[in-house]
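Here is the structure we will look at.
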Amino acid sequence: GPGHIVRREYSNGRGVPVVVAVEQDPRGDAWAITLAYAKALGA
């Protein structure tokens, strides 16, 4: 899998592209949470 690429880019202080989507958002905060997870994972 692409895990070694993610790790290499993270180690070099960079991120990798990520595709995310929010299908339902009854509370209105799902997009912000999704972006926070992506950033925390190095995307």
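Please verify whether the stretch 3-14 includes one or more residues that are touching a residue at least 24 places away in the same chain (Cβ under 8 Å) and hydroxyl-bearing (S, T, Y).
Looking for residues that are touching a residue at least 24 places away in the same chain (Cβ under 8 Å) and hydroxyl-bearing (S, T, Y), one finds at least one in the stretch 3-14, hence yes.
Take V6 and decide whether it is among the hydrophobic types (A, V, I, L, M, F, W, C), out of contact with any Asp or Glu (no Cβ under 7 Å at 6 or more places or on another chain) and outside any loop (DSSP other than H, G, I, E, B).
Details: among the hydrophobic types (A, V, I, L, M, F, W, C): yes; out of contact with any Asp or Glu (no Cβ under 7 Å at 6 or more places or on another chain): yes; outside any loop (DSSP other than H, G, I, E, B): yes.
In short, yes.
Hey, can you tell me all the residues within the stretch 14-43 that are modelled with pLDDT under 90, loosely packed, with under 10 Cβ neighbours inside 10 Å and part of a loop (DSSP other than H, G, I, E, B)?
R14, P17, V19
Pull out all pairs, ordered by first then second residue, where Cβ-Cβ is under 7 Å, the residues are six or more apart or on different chains, the first lies in the stretch 16-34 and is of a type in the set (D, E), and the second is part of a helix (DSSP H, G or I).
Going by the 7 Å Cβ cut-off, the qualifying pairs are D25/W31.
The values are calculated or read from the model by the stated rules, or taken from the named source; none is laboratory data. This one's a predicted model, so the numbers in the text were calculated from it and none came from an experiment. Positions of Cβ are generated from backbone atoms using ideal geometry, with glycine treated the same way; all protein chains shown enter the neighbour counts.
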